[in-house]
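Have a look at the structure below before the remarks.
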Amino acid sequence: MFQYLLFDLDGTLTDPKIGITKSVQYALAAQGIEEPDLDKLEPFIGPPLKESFEEFYHMDETHALQAVEKYRERFTVTGIFENELIAGVPELLAREKERGAKIAIASSKPTELVLRILEHFAIAVYFDVVVGSEMDGRRSKKEEVVEEALRQLLPSEELPDKKNKIAMIGDRKFDIEGAIAHGLTGIGVTFGYAAEGELEKAGADYIVNTIEELEEVLQKGV
C-alpha cells in the first residue's frame, strides 16, 4: 500500500471549471480579449497561470502578470467558490486516513487559496501537509511543489527508502512530471482535464477512471 499520498487539487479532488474559466475570461476581457466559450479555457486548469497566459494568448511577461492580477481579482472573491467536490472524494480521504496514510496537497494554486477551498468543503482535516505556490509566483512549477511537500511529509534521510510508498495523484501531465522528477509513482485520473493521451504520454504509472479505481491502486501499491 502507498503510505504517503500527494494529491493535486483542481480536477483531481474538485471540479473548478466554472470558477477558473470565468476568472480567466474576466482577465482576458481586461486586456481587450473576448472569449465567450469557457470550454476553450479548460487548458488553464492545472498549470501555473502566468505561463498559461503566455502560452495560450502569447502575452509577454508584463501582460501575463497583469492578467494574473485581474484573474485573482475575481477568483479570490467569487471564482474560488464556483467549484464542487468530485463525488466520493471525502469518503476516499477518510478511508485513507483511517488506514494510516499521510496525505498532502501538492497544487500549483497559491497555498492560501488552497486552504480556503479545503476549509470550504470541510476536507482540510484529512491533510497532514498543504503545499501550493506563493502569491508572488514563486514555487509554481509542480516539481517544486512536490519537493516542498516531500520535505514537510517526512525526514530527508527516510526519503530514499520510502519512495516506493509515495504516490502523486493528479489529472494533468504536470502532476505526472512532478512525480517523475522525484522518482515517485505517478497516478493519473481521467475524470479531470487532461487531453486525450496526455497522461499516457507523460508516463503515468497508473491511469484510473474513477475514485473507486483510484482507491484500489492506492491500497494495492507497487
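The values are calculated or read from the model by the stated rules, or taken from the named source; none is laboratory data. Owing to the predicted nature of the structure, the values given are computational and were not obtained by experimental measurement. So basically every Cβ, Gly included, is an ideal-geometry build from the backbone, and we count neighbours across all protein chains shown.
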### Search result, residues across region 113-122 that are surrounded by fewer than 19 Cβ atoms within 10 Å (Cβ to Cβ) and touching a strand residue (DSSP E or B) at 6+ places or on another chain (Cβ under 8 Å)
115, 121
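With the condition kept exactly as written, say whether any residue in region 76-88 is in a helix (DSSP H, G or I) and crowded, with 16+ Cβ neighbours inside 10 Å. Full working, then the answer.
Let us first name the residues in region 76-88 that are in a helix (DSSP H, G or I), namely 79-81.
Remaining after also requiring crowded, with 16+ Cβ neighbours inside 10 Å: 79-80.
Looking through region 76-88, at least one residue is in a helix (DSSP H, G or I) and crowded, with 16+ Cβ neighbours inside 10 Å.
Would you mind stating whether residue 67 is crowded, with 20+ Cβ neighbours inside 10 Å and either of a type in the set (Gly, Ala, Ser) or assigned by TED's automatic domain parsing to the domain that holds residue 178 (or both)? Spell out how you get there, then give the answer.
Values: crowded, with 20+ Cβ neighbours inside 10 Å: yes; either of a type in the set (Gly, Ala, Ser) or assigned by TED's automatic domain parsing to the domain that holds residue 178 (or both): yes.
Here the answer is yes, as residue 67 does meet what is asked.
Pick from 100, 132: which is in contact (Cβ under 8 Å) with a residue 12 or more places away in the chain, in the same structural domain as residue 183 (by TED's automatic domain parsing) and surrounded by 15 or more Cβ atoms within 10 Å (Cβ to Cβ)? Working first, answer last.
Details: 100 fails: surrounded by 15 or more Cβ atoms within 10 Å (Cβ to Cβ).
Going through 100, 132 in turn, just one is in contact (Cβ under 8 Å) with a residue 12 or more places away in the chain, in the same structural domain as residue 183 (by TED's automatic domain parsing) and surrounded by 15 or more Cβ atoms within 10 Å (Cβ to Cβ): 132.
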### Message
Restricting to region 135-177, give me the number of residues that are in contact (Cβ under 8 Å) with a residue 12 or more places away in the chain and under 18 Å from residue 109 (Cα atoms).
### Response
23
### Query
Only one of (1) more than 24 Å from residue 19 (Cα to Cα); (2) out of contact with any His (no Cβ under 8 Å at 6 or more places or on another chain) fails for residue 211. Which number is that?
(1)
### Query
When region 85-128 is examined, which residues are found to be over 19 Å from residue 4 (Cα atoms) and basic (Lys, Arg)?
109, 116
### Message
Anything in region 183-215 that is among the acidic types (Asp, Glu) and assigned to a helix (DSSP H, G or I)? List them, or say none.
### Response
198, 200, 212, 213, 215
### Query
Among the residues of region 25-55, how many are closer than 21 Å to residue 139 by Cα and assigned to a helix (DSSP H, G or I)?
9
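Taking the options 60, 39, 10, name whichever one is at negative phi and in the same structural domain as residue 116 (by TED's automatic domain parsing).
Result of the check over 60, 39, 10: 10.
Being at pLDDT 90 or above and of a type in the set (D, E, K, R) is the filter here, so list the residues in region 116-140 that pass it. Before the answer, list the steps.
Initially, region 116-140 is screened for residues at pLDDT 90 or above, giving 116-133.
Correct list: 116, 119, 128.
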